Amino acid sequence: MLYAALGNRVREVGCLCVIAKASIDGGHIQEGIDAARAALAMSEAMEDTWGQINAAAQLVPGLLDRGAYGAKRTLSANGPWP
C-alpha cells in the first residue's frame, strides 16, 4: 500500500478499512476481517478514535457474517466510545 510505504499510518488505517469493506462485501469475509482487525490495532496504537470507529464499523458486519456474535459484543464493550 502506498501510504504504508510513505509512513502515513492514519491514511493506511483508512485504506485498510476500505479494503475490509470491499472484501466483506465481495464475499471474502476472512480477508475483510483481517484487514479491519489490522486497522483497529493500528488505530488503537495511535489512539486515533475515528480510526477505531471506522475499523469497528467495517469489522462488525464481517463478524456477524461469520456468526461471531460474542466477538462483536466484546468489541462493542471495549470500543473508544463512552
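Which residues in the range 10-35 have a backbone N closer than 19 Å to a point placed 7 Å from the Cα of Asp65 along the Cα-to-Cβ line?
Taking a point 7 Å out along Cα→Cβ of Asp65, the residues of the range 10-35 whose backbone N falls under 19 Å are 14-35.
Could you rank the peptides 33-40, 48-55 by their average count of other C-beta atoms within 10 Å per residue, with the highest value first?
Descending mean neighbour count gives 33-40, 48-55.
Where Lys and Arg each count +1 and Asp and Glu each count -1, what net charge lies around Met46 among other residues with Cβ under 12 Å from its Cβ?
Summing Lys and Arg as +1 and Asp and Glu as -1 gives -2.
Here, each number is a calculation from the coordinates, and none is a lab measurement. All values reported here derive from a predicted model rather than from experimental measurement. Don't worry about glycine lacking a Cβ; one is built from the backbone with ideal geometry, like all the others, and counts go over all protein chains shown.
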